[in-house]
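Participant: What follows is a single structure, and I will ask about it in a moment.
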Amino acid sequence: MGMLFDNYDPGSFFDEMFEPSGQIRTHYDRLFQRYSELTPEEFERKRAAADNSFLNQGVTFTVYNNDEGTERIFPFDLLPRIVPFAEWRQIEQGLVQRITALNLFLQDVYHEQRIIEDKVVPREIVESAVHFRPEFMGVNVPKGIYMHICGTDLIRDSDGRYLVLEDNGRCPSGVSYLLENRQAMKRVFPNLFSRHAVQPVDTYCQELLNVLRYIAPDDKSEPTVVLLTPGIYNSAYFEHSFLARTMGIEIVVGADLVAQNGNLMMKTTKGLRQVDVVYRRIDDDFLDPSVFRKDSLLGVSGIVDVYRRGNVSLANSIGTGVADDKATYYFVPQMIKYYLDQEPILPNVPTYLSHFDSDRAYILEHLSELVVKAANESGGYGMLMGPTSTAAEREKFRAAINENPRNYIAQPVVPLSRCPSYADGHFEGRHIDLRPYILFGEKITIIPGGLTRVALRKNSLVVNSSQGGGSKDTWVLNE
């Protein structure tokens, strides 16, 4: 073993790099050889170079409610996660299947509601979803696509099986870190990529722009596309500016836009200019104060009317949140069978839905063993980690579940796979997940790999950056 891997213990978890016997998995052989040549001092220099690279380019994220300040460099671990071609092909097929079913579900629930009439998904689950928009019943969206951009979180269990943890179908974030991670790896280890047949990721922004242009009203060949951001204080503002700059489109806040005569116009130094497509990084609630939250200062009054008239396209469409509600997640395998007549390629994590009396009784009886999640929280918030919780925390969740059963799901603690990550001069196993990004336009495109998030705290299962997580570059190998 190289110095950096001295005393590495894969433990009882599925380890991405090491077999249970301690042997290196074949697809990691060359990488292990290269890292084994490094001394801790050499590796520390490379880490500092990567951190400086992120700092100089402003690759940051924002943590709210923190006394130490809000802007932080996104923690980056220099050992990549490698996905062999055959594994990636299965992931890709499963994600295509899943986003196809989710879009069919959205089209259905806002029109015929066949899946509800056939009692596959209970009506109350859909109609009580926080992000269900009954105002858009019967409204046809451009090209029939609701969810254009989706980030689906995958984990691996102790047998190495890929499972879907959740779908992020409103404003999925993190793709800029995926792209910056790759650039950082190329700068710090310039010769590594010549030794590995790693599939590129740098086409993402062009593919995203293709999707946005595809949904333009009246099939305009040169539509005006903008990215609508809540502003510089949003936690993902770096990503908003990065994507707009890379796609070559304007980044705007609500005050830059105005609805006029049935069209959406952008204020420019040369007067008003019509906007055709808005890639919005603002939730429905804040999009239009004349329709949704009256107190919103982030959106554009009248934009919903322009959207209804078909004079502007939005990505993602209004109302997609009903599909990434954690209670709706429970039914995605049934959606796949119902709409596609197929078995799910990527199964869900086993899930209990508090809405059902029998499931709720089980959850309440086993709170100390389960992970309980609120249906519409994200970023690791609104969650009870049963095995590490206190009696007071469990009682608080017990009361909340009884008060609002529909709002909670529970899952067994899945022993997430681990990957070597750098800590205190050597590599130790840290838990990881994977967020691939799916684009749905004229075709479905999935950039090879995704954002591998890593729980940098020892023994932690929480990978979110807001909870102390970081990320790795993700390599998908050619066949």
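Participant: Classify the stretch 352-412 as rounded, prolate or oblate from the Cα gyration tensor: take a ≥ b ≥ c as the square roots of its eigenvalues, call it rounded if a/c is under 1.5, otherwise prolate when a/b beats b/c and oblate if not.
Facilitator: Details: a/c = 1.43, a/b = 1.12, b/c = 1.28.
Rounded, because the longest to shortest axis ratio a/c is under 1.5.
Participant: While we're looking at this one, here's another question. In the chain, if the dipole is taken from +1 on Lys/Arg beta carbons and -1 on Asp/Glu beta carbons about the Cα centre, which of Thr100, Asn168, Leu212 is farthest to the positive end?
Facilitator: Leu212
Participant: Rounded to a whole number of µm²/s, how large is the Stokes-Einstein D of the chain at 25 °C and 0.890 mPa s, given Rh as the Kirkwood radius over C-alpha pairs? Each step should come with its number before you reach the end.
Facilitator: Details: Rh = 23.6 Å.
Approximately 104 µm²/s, per Stokes-Einstein.
Participant: Can you list the chymotrypsin sites (Phe, Trp or Tyr not before Pro) in the stretch 371-479 that are in a DSSP coil and have 11 or fewer other beta carbons within 10 angstrom?
Facilitator: Tyr381
Participant: Which whole-angstrom value gives the distance between the alpha carbon centres of the stretch 400-433 and the stretch 196-249?
Facilitator: If you average the Cα positions of each part, the centres end up 31 Å apart.
Participant: Something else about it: Evaluate the relative contact order of the stretch 180-260 (contact order divided by residue number), counting alpha-carbon pairs under 8 angstrom at least 6 apart; express in whole percent.
Facilitator: On the way: 46 pairs, mean separation 19.7, N = 81.
RCO, the stretch 180-260: 24 percent.
Participant: May I ask which residue of Ile149, Ser36, Ile116 lies farthest towards the positive end of the charge dipole of the chain, with charges of +1 (Lys, Arg) and -1 (Asp, Glu) on Cβ and the Cα centre as origin?
Facilitator: The residue sitting farthest along the positive end of the dipole is Ile149.
Participant: Heavy atoms only, probe 1.4 Å: what % of the accessible area of the chain goes to carbon and sulfur, would you let me know?
Facilitator: 47
Participant: Run lengths n ≥ 4 of DSSP H only: what is the helix-derived mean residue ellipticity at 222 nm for the chain, with -39500 (n - 2.57) per run over all residues, to the nearest 500?
Facilitator: -8500 deg cm²/dmol
Participant: Right, next: Taking a threshold of 32 Å on the Cα-Cα distance, which of the pairs Lys326/Lys472; Lys443/Lys472; Lys119/Lys373; Lys143/Lys267; Lys337/Lys472 fall above it?
Facilitator: Values: Lys326/Lys472 26 Å; Lys443/Lys472 28 Å; Lys119/Lys373 25 Å; Lys143/Lys267 28 Å; Lys337/Lys472 34 Å.
Check vs 32 Å cut-off fails for Lys337/Lys472.
Participant: Could you state how much accessible area Asp424 has, in square angstrom rounded to the nearest 10, with a 1.4 Å probe and all protein chains kept in place?
Facilitator: It works out to around 140 Å².
Participant: Can you give me the solvent accessible area of Thr328 with a 1.4 Å probe, rounded to the nearest 10 Å²?
Facilitator: Rounded to the nearest 10, the figure is 0 Å².
Participant: So who's got an amide H within less than 5 Å of the one on Thr224, skipping anything under 5 residues away but keeping other chains? H placed 1.01 Å off N, in plane.
Facilitator: Sorted by chain and number, the residues that satisfy this are Asp276, Val277.
Participant: Post the alpha-carbon centroid distance, the stretch 72-96 to the stretch 301-360, in whole angstrom.
Facilitator: Distance between centres, Cα-based: 24 Å.
Participant: Among Glu442, Glu428, Glu44, Glu369, what's the order by accessible area (1.4 angstrom probe), most exposed first?
Facilitator: On the way: Glu442 150, Glu428 40, Glu44 75, Glu369 95 Å².
I get Glu442, Glu369, Glu44, Glu428, largest accessible area first.
Participant: Semi-axes of the equivalent ellipsoid of the stretch 339-479: what are they in whole Å, largest first, if each equals the square root of 5 times a C-alpha gyration tensor eigenvalue?
Facilitator: On the way: eigenvalues 179, 108, 32 Å².
The equivalent ellipsoid of the stretch 339-479 has semi-axes of 30, 23, 13 Å.
Participant: Just to check I understand the Karplus step: with θ = phi - 60° and J = 6.51 cos²θ - 1.76 cosθ + 1.60, what whole-Hz values come out for the stretch 292-302, glycine and proline as x?
Facilitator: So the J values, rounded to whole Hz, are 9, 5, 5, 8, 6, 9, 9, x, 10, 5, x.
Participant: Among bridges DSSP assigns within the chain, what percent are antiparallel (round to 5)?
Facilitator: Numbers: 51 of 68 bridges.
Roughly 75 percent of the beta bridges in the chain run antiparallel, per DSSP.
Participant: Considering the dipole of the chain built from charges on the beta carbon (Lys and Arg +1, Asp and Glu -1) around the Cα centre, which of Phe292, Asn140, Gln274 is farthest to its positive end?
Facilitator: Among Phe292, Asn140, Gln274, the one farthest towards the positive end of the dipole of the chain is Gln274.
Participant: Given Cβ point charges of +1 (Lys, Arg) and -1 (Asp, Glu) and nothing else, what value in debye, to the nearest 20, does the dipole of the stretch 151-276 about its Cα centre take? Walk me through the intermediate numbers first.
Facilitator: Numbers: 13 positive and 15 negative charges, 99 e Å.
Dipole size: approximately 480 debye.
Participant: Restricting attention to the alpha-carbon atoms of the stretch 203-315, what are Rg (one decimal) and Dmax (integer), both in Å?
Facilitator: So, for the stretch 203-315, Rg and Dmax equal 13.2, 39 Å respectively.
Participant: Leaving out ligands and nucleic acids, and using a 1.4 Å probe, what accessible area per residue does the chain come to in Å²? Please report the intermediate quantities before stating the final value.
Facilitator: On the way: 20110 Å² over 479 residues.
Per residue, the chain has an accessible area of 42 Å².
Participant: Using a 1.4 angstrom probe on the protein heavy atoms only, could you order Lys119, Lys458, Lys472 from most to least accessible area?
Facilitator: Numbers: Lys119 170, Lys458 135, Lys472 0 Å².
The ordering from most to least exposed comes out as Lys119, Lys458, Lys472.
Participant: Within the stretch 186-227, name every residue whose backbone N is under 20 Å away from a label modeled 7 Å from Cα of Glu42 along the Cβ vector.
Facilitator: Those under the cut-off are 186-196.
Participant: Mind putting a number on the dipole of the chain about its Cα centre? Charges go on the C-beta only, +1 for Lys and Arg and -1 for Asp and Glu, and I need it in Debye to the nearest 20.
Facilitator: Values: 50 positive and 63 negative charges, 174 e Å.
Dipole magnitude for the chain comes out near 840 debye.
The values are calculated or read from the model by the stated rules, or taken from the named source; none is laboratory data. Only a predicted model underlies this, so the values are computations on that prediction, with no experimental measurement involved. Backbone-built Cβ (ideal geometry, glycine too); neighbour counts: all protein chains shown. Areas reflect the complete protein model, heavy atoms only, side chains present, ligands, DNA and RNA absent. Shrake-Rupley method; radii C 1.70, N 1.55, O 1.52, S 1.80 Å.
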